[in-house]
Amino acid sequence: MGKRIGKIAIGNLPILNIMILKNDLVTAVTGLQHDRIEMMRHWVGRLIWLMITIHISLTVTYWIGLDFQVMIYIPPQIFGMIA
């Protein structure tokens with residue numbers, strides 16, 4: 001479940017990037033005002049942060065629960081947690 005939440009969070013990054021374009025593509029397509037798009041952008045960012053936090057907590061809990069703590073100390077896992 002933790003991996004799925006992480007993949008969904010990464011899948012939302014293009015939406016966040018489209019919302020911050022300078023040409024106001026979302027405003028032109030939807031007809032919404034800039035302040036509405038700004039509010040939506042902030043909430044999408046917060047949602048991504050929340051999903052990544054849930055992802056890392058579930059993943060770390062999983063590896064500790066299996067008593068296989070070496071997975072927490074190998075470089076790919078450490079770099080993933082830092083990212």
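The values are calculated or read from the model by the stated rules, or taken from the named source; none is laboratory data. From a predicted model like this one, the values you see are computed outputs, not experimental measurements. Cβ: placed from backbone, ideal geometry, glycine included. Neighbour counts: every protein chain shown. Remember, those area values only see protein heavy atoms, side chains included, never the ligands or the DNA or RNA. Shrake-Rupley method; radii C 1.70, N 1.55, O 1.52, S 1.80 Å.
Looking at Thr59, Thr53, Thr30, which is the one that is in contact with a helix residue (DSSP H, G or I) (Cβ under 9 Å, 6 or more places away or on another chain), hydroxyl-bearing (Ser, Thr, Tyr) and under 21 Å from Leu16 (Cα atoms)? It would help to see each step written out before you state the result.
Numbers: Thr59 fails: under 21 Å from Leu16 (Cα atoms); Thr53 fails: in contact with a helix residue (DSSP H, G or I) (Cβ under 9 Å, 6 or more places away or on another chain).
Every option except Thr30 fails the conditions.
Quick one: which of Val60, Val29 is out of contact with any Ser or Thr (no Cβ under 8 Å at 6 or more places or on another chain), open to solvent by 90 Å² or more (accessible area, probe 1.4 Å) and among the aliphatic types (A, V, I, L, M)? Write out each step before concluding.
Details: Val60 fails: open to solvent by 90 Å² or more (accessible area, probe 1.4 Å).
Checking each option against the conditions leaves just Val29.
Which pairs turn up if I take residues in the stretch 42-62 that are over 15 Å from Gly2 (Cα atoms) and look for partners that are at pLDDT below 90 and among the aliphatic types (A, V, I, L, M) with beta carbon separation below 7 Å, at least 6 apart in sequence or on another chain?
Val44/Ile15; Val44/Leu16; Val44/Met19; Gly45/Leu16
Working carefully through the options Leu16, Leu66, find the one that is hydrophobic (A, V, I, L, M, F, W, C), touching a Lys or Arg at 6+ places or on another chain (Cβ under 9 Å) and within 25 Å of Gly80 (Cα to Cα).
On the way: Leu66 fails: touching a Lys or Arg at 6+ places or on another chain (Cβ under 9 Å).
Answer to the selection: Leu16.
Suppose the filter is within 16 Å of Ala9 (Cβ to Cβ) and either touching a Lys or Arg at 6+ places or on another chain (Cβ under 9 Å) or of a type in the set (Asp, Glu) (or both); does Thr59 pass it? Step through it out loud before you land on a result.
Details: within 16 Å of Ala9 (Cβ to Cβ): yes; either touching a Lys or Arg at 6+ places or on another chain (Cβ under 9 Å) or of a type in the set (Asp, Glu) (or both): yes.
For Thr59, the condition - within 16 Å of Ala9 (Cβ to Cβ) and either touching a Lys or Arg at 6+ places or on another chain (Cβ under 9 Å) or of a type in the set (Asp, Glu) (or both) - is met.
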